[in-house]
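See structure below.
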């Protein structure tokens, strides 16, 4: 993956809160220069996986209908996207909660509220750590 470290371009953001989606979109597209696909639910994310083919998925933990952990499990079951790294973004960051997210297959957890000016840098750090 060493060649891919600098090549992170396509990120899928799955977040039900419109305000947080808007801030993250600004942070990741305008500040970070990423190609971003936003989805307001886990179901929409699953529907758009094949079309967008994300390199990285940012997932909110608490969403109606299909929460972040359920969405991640469903993504991992799709086969084609089982190896796409996922990062949870959540205000629920007690050590036992973080350990649970990591045990589900997430590569990292970014606490909310996040700093829009440093979000892209943090994601790049995580991406580079995967190499």
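The values are calculated or read from the model by the stated rules, or taken from the named source; none is laboratory data. All values reported here derive from a predicted model rather than from experimental measurement. Quick reminder, even Gly has a Cβ in these numbers, built from the backbone with ideal geometry, and neighbours come from all protein chains shown.
When the stretch 31-48 is filtered for residues that are free of Cβ contacts under 8 Å to residues at least 40 places away in the same chain and either closer than 20 Å to residue 91 by Cβ or touching a helix residue (DSSP H, G or I) at 6+ places or on another chain (Cβ under 7 Å) (or both), the ones remaining, listed by number, are 36, 37, 38, 39, 40, 41, 42, 45, 46.
Can you spot a residue in the stretch 106-116 that is within 16 Å of residue 9 (Cα to Cα) and either in a strand (DSSP E or B) or modelled with pLDDT of 95 or more (or both)? Scanning the stretch 106-116, I find no residue that is within 16 Å of residue 9 (Cα to Cα) and either in a strand (DSSP E or B) or modelled with pLDDT of 95 or more (or both), so the answer is no. Report yes if residue 28 is at pLDDT 95 or above and farther than 25 Å from residue 97 by Cα, otherwise no. In short, yes.
Scanning the stretch 83-103 for residues that are part of a helix (DSSP H, G or I) and either over 26 Å from residue 9 (Cβ atoms) or in contact with a strand residue (DSSP E or B) (Cβ under 6 Å, 6 or more places away or on another chain) (or both) turns up 95, 96, 97, 98, 99, 100, 101, 103. Of all residues in the stretch 1-19, those that are over 26 Å from residue 42 (Cβ atoms) have Cβ atoms under 7 Å from Cβ atoms of residues that are at pLDDT below 95 and part of a helix (DSSP H, G or I), 6 or more apart or on another chain, in 5/128.
All of (1) over 13 Å from the mean Cα position of the chain (by Cα); (2) over 23 Å from residue 130 (Cα atoms) hold for residue 21 with one exception: (1). Of all residues in the stretch 97-107, those that are under 20 Å from residue 17 (Cβ atoms), surrounded by fewer than 20 Cβ atoms within 10 Å (Cβ to Cβ) and either in contact (Cβ under 8 Å) with a residue 60 or more places away in the chain or under 13 Å from the mean Cα position of the chain (by Cα) (or both) total 0. Residues that are at pLDDT 95 or above and either surrounded by fewer than 13 Cβ atoms within 10 Å (Cβ to Cβ) or out of contact with any helix residue (DSSP H, G or I) (no Cβ under 9 Å at 6 or more places or on another chain) (or both) occur in the stretch 5-12; there is at least one. Counting only residues that are part of a helix (DSSP H, G or I) and either at pLDDT below 95 or within 13 Å of the chain's Cα centre (by Cα) (or both), which one in the stretch 51-82 is surrounded by the most Cβ atoms within 10 Å (Cβ to Cβ)? Among residues in the stretch 51-82 that are part of a helix (DSSP H, G or I) and either at pLDDT below 95 or within 13 Å of the chain's Cα centre (by Cα) (or both), the one surrounded by the most Cβ atoms within 10 Å (Cβ to Cβ) is 68. Cβ-Cβ contacts under 9 Å between residues 6 or more apart (or on different chains), taken from a first residue in the stretch 51-75 that is on the phi > 0 side of the Ramachandran plot to a second residue that is crowded, with 23+ Cβ neighbours inside 10 Å and modelled with pLDDT of 95 or more, are listed as 65/42.
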